[in-house]
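Engineer: Got a structure for you, questions after.
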Amino acid sequence: MIPSIDLSLQDGVSIDETAFLARAVNILSEAVEMADLKFPDGAELSFVLAGDKTLKSLNNQWRQKNKPTNVLSFPGDDIAVGEAAGMMLGDIVISLETTAREASLENKTFEDHLSHLVVHGFLHLFGYDHETDEEANQMESLETRILNELGIEDPYDANPYENETL
């Protein structure tokens, strides 16, 4: 089971929404299973895919860092709609500009890097963090295992292609 997903695009970004949602469902299913994440039936999740302008503004407002970043997560609150109790798990906001730039610099595909940011942002909603070395090791290990199950190389490996013959 995964939460229902709402997707919005900002800053004029363009992406195949159907393909993104299909990939997100696959990624979130793997993350829920591997991390044993729990949430009520009817839970909701919002993805906002935007550009650097939006991420810079949010990063400045919420983290006092006046520069764009790749992903920000905003945990949600409990909600009740009619008689059905649910939960807004939160919002995951991803800069497609930064994602593309980082993927190029790190010699990764855009899709693999975006998948990593989906996992990373989703885990933040459940309290995973990387403020201390111990937290970072736990979160990065889980991210790596989830992505490996999806056929994606370790995103924290400095050079995932170093053992390949060119």
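The values are calculated or read from the model by the stated rules, or taken from the named source; none is laboratory data. What you see is a predicted model, and the numbers here were worked out from it, not measured in a lab. So basically every Cβ, Gly included, is an ideal-geometry build from the backbone, and we count neighbours across all protein chains shown.
Engineer: As an exercise: evaluate Asp6 against (1) exposed (fewer than 15 other Cβ atoms within 10 Å of the Cβ); (2) modelled with pLDDT of 95 or more; (3) over 18 Å from Asp91 (Cβ atoms) and give the number of the one condition it does not meet.
Structural biologist: (3)
Engineer: Turning to a different aspect of this structure: Pairs needed: first member in the range 1-20, farther than 27 Å from Met87 by Cβ; second member anywhere, part of a strand (DSSP E or B); C-beta distance under 7 Å; at least 6 residues apart or different chains.
Structural biologist: Asp11/Ala50; Val13/Leu49; Val13/Ala50
Engineer: Considering only the range 120-155, state which residues are outside any helix (DSSP H, G or I), closer than 26 Å to Met87 by Cβ, of a type in the set (D, E, K, R) and touching a helix residue (DSSP H, G or I) at 6+ places or on another chain (Cβ under 7 Å).
Structural biologist: Asp129
Engineer: Can you work out which of the residues in the range 96-117 that are more than 21 Å from Thr18 (Cβ to Cβ) and outside any helix (DSSP H, G or I) is farthest from the chain's Cα centre (by Cα)?
Structural biologist: Asn107
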